[in-house]
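The structure under discussion appears below in the form of C-alpha cells.
The values are calculated or read from the model by the stated rules, or taken from the named source; none is laboratory data. The model shown is predicted, which means the values in this text are computed figures rather than measured ones. Here the Cβ is made from the backbone with ideal geometry for all residues, glycine too, and neighbour counts use every protein chain on show.
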Amino acid sequence: MNRDFSLEINNKEKLKYLLSRDKHAILEGVCTEHLFQNDVLPRKKWNNKISLGWWTTRQNNDYIFFKVSSEYVTQNDISIFRHFIKNNMKCIYVKFENTGTYKFLEVNSNIYLIEKNNYIEQFLSFNEFIIKYNLKEIRQPLLAANDVRDTARQEKAIDFFDKNGLLEDTAIQRHFANFFLTVYYGYAVWNIDGLLVDNDKVLAYEIKFKYPTKSNTFGLNIGVAKLFEWLHNKDIKIYHAILLNPTNSEKVSVLDVLSNKSLYRETNWICYRINPTNLFNSSGIAPSKTQIEGRTDQKVVYIPVSNFKYLKNLEYKNA
C-alpha cells in the first residue's frame with residue numbers, strides 16, 4: 001500500500017502548526033543550537049566546517065544514521081560519509097525535495113562520485129525505501145502531550161525560527177523525526193546537534209541551555225550517553241556545550257535571556273569533552289516532563305559541573 005509522507009514546505013502556516021505539535025523545550029533547543037553555531041563556532045572558524053541534520057536510531061542491535069537536508073551534500077558531508085564507511089557505520093542520506101517529498105540514498109562507496117557532481121541515481125522514493133528495508137508502522141507519530149506544551153513559549157520559538165531563516169529546515173527535521181523515524185523505528189531516536197570536520201577528524205557536539213542540579217551536576221539522558229560511548233569507539237570526539245541559565249529556573253527560557261539585558265550579561269558558555277570512561281559513574285531518574293511526550297520518566301547519568309570549562313560570555317549579534 002502506498003503511504004503519503006510529504007510536507008507542504010511552501011505553506012508557512014502549516015509549518016508553524018507542525019512545529020506547534022512539538023514540546024516547547026525541543027523548539028527552544030533548536031534556538032540554543034543556532035546561538036552556539038553563531039556565537040561559539042566562529043571563534044575557531046568552525047562555523048564553515050559543520051554539518052547539520054543528523055539523526056540516529058537503533059536497528060538490528062546497531063545504530064543507523066540519517067543525514068536529512070534540502071540541499072545536496074557538501075564537502076563536509078562527504079568527509080563524514082568517508083569516516084562512516086571506514087568505521088562500518090550505517091548511514092542513509094535523505095534528500096528533501098522542493099515538491100515536499102523525501103528520497104533516500106544508502107551511503108556507500110558510490111557516494112564518492114558526488115564529488116564530481118556525478119550523482120548516481122540510486123535514490124529510493126519513500127515507498128521504495130520502506131519496501132526495500134521491510135519497514136512497518138510500529139507506533140503513532142511522537143508528539144508532545146498537551147500538558148507539557150507551553151503555547152506562549154512555542155510561539156516565541158517559532159517566531160525566532162521565522163526571523164532567523166530557520167523555519168523551513170526546522171520543520172523538515174521535526175517532520176522527519178516525528179512522522180518517519182519514530183513511526184517506523186520506535187521510541188529510541190536521537191538528534192545529533194552537529195558534526196564537524198577538523199584536520200580530518202570528525203567531532204560531534206551536544207548543545208543545551210540549562211542550570212545545574214542541587215548536587216552541582218548536569219543530567220544527560222542515558223540513551224544519549226550510550227550513543228556518545230559508541231561514537232567515541234568509532235573515533236568521533238564528543239563535546240557537550242551548555243549555555244548556562246543564570247536564573248536556575250525552568251520557567252526562564254533561552255529566548256527570555258536574549259530579551260533581558262541583565263540576564264544576557266550574566267550568561268556564558270561552558271563545555272566538556274565527553275570521557276566515556278567515567279560517564280556512567282553516577283545515574284538517576286529524571287521526571288517525565290523531560291521526555292518528549294511527557295509520559296515516562298527518563299534514566300540519566302550525572303556529570304559534575306567541575307568537568308566543564310568556561311568558553312565565553314554570550315554574545316549574539318541579534319540580541
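Observations on the model:
- Residues in region 207-224 that are aliphatic (A, V, I, L, M), in contact (Cβ under 8 Å) with a residue 40 or more places away in the chain and under 16 Å from Gly194 (Cα atoms): Ile207 only.
- Unmet requirement for Tyr211, which otherwise passes all of (1) modelled with pLDDT of 95 or more; (2) under 17 Å from the mean Cα position of the chain (by Cα): (2)
- Every residue from region 43-89 that is touching a strand residue (DSSP E or B) at 6+ places or on another chain (Cβ under 9 Å), charged (D, E, K, R) and either surrounded by fewer than 17 Cβ atoms within 10 Å (Cβ to Cβ) or under 19 Å from Asn178 (Cβ atoms) (or both): Arg43, Lys44, Arg58, Asp62, Lys67, Glu71
- Of the residues Leu195, Leu181, Leu220, Leu203, the single one that is in contact with a Ser or Thr (Cβ under 9 Å, 6 or more places away or on another chain) and farther than 20 Å from Glu8 by Cα is Leu195.
- Taking the criterion of being under 14 Å from Glu106 (Cβ atoms) and either of a type in the set (D, E, K, R) or touching a helix residue (DSSP H, G or I) at 6+ places or on another chain (Cβ under 8 Å) (or both), the residues of region 65-88 that qualify are Phe65, Phe66, Lys67, Val73, Phe81, Ile85.
- Any chance Asn98 is surrounded by fewer than 20 Cβ atoms within 10 Å (Cβ to Cβ), within 30 Å of Thr151 (Cα to Cα) and either among the small types (Gly, Ala, Ser) or at pLDDT below 95 (or both): yes
- Pairing each residue of region 267-284 that is part of a helix (DSSP H, G or I) with any residue that is surrounded by 15 or more Cβ atoms within 10 Å (Cβ to Cβ), provided the two are 6+ apart or on different chains, yields C-beta distances under 6 Å for Pro276/Glu229; Pro276/His232.
- Where strands (runs of 3 or more DSSP E) sit wholly within region 162-253, those with at least 2 residues that are among the charged types (D, E, K, R) and crowded, with 19+ Cβ neighbours inside 10 Å occupy 201-210.
- Pairs meeting the criteria (first residue in region 70-96 and touching a residue at least 24 places away in the same chain (Cβ under 8 Å) and under 26 Å from Ala171 (Cβ atoms), second residue aliphatic (A, V, I, L, M) and assigned to a loop (DSSP other than H, G, I, E, B), beta carbons under 6 Å, at least 6 apart or on different chains) are Phe81/Val107; Cys91/Val107; Tyr93/Val107.
- Yes/no for Phe5 being at pLDDT 95 or above, touching a Phe, Trp or Tyr at 6+ places or on another chain (Cβ under 8 Å) and not acidic (Asp, Glu): no
- Pairs, first at positive phi in region 118-143, second modelled with pLDDT under 95 and among the basic types (Lys, Arg), C-beta under 6 Å, six or more apart: none
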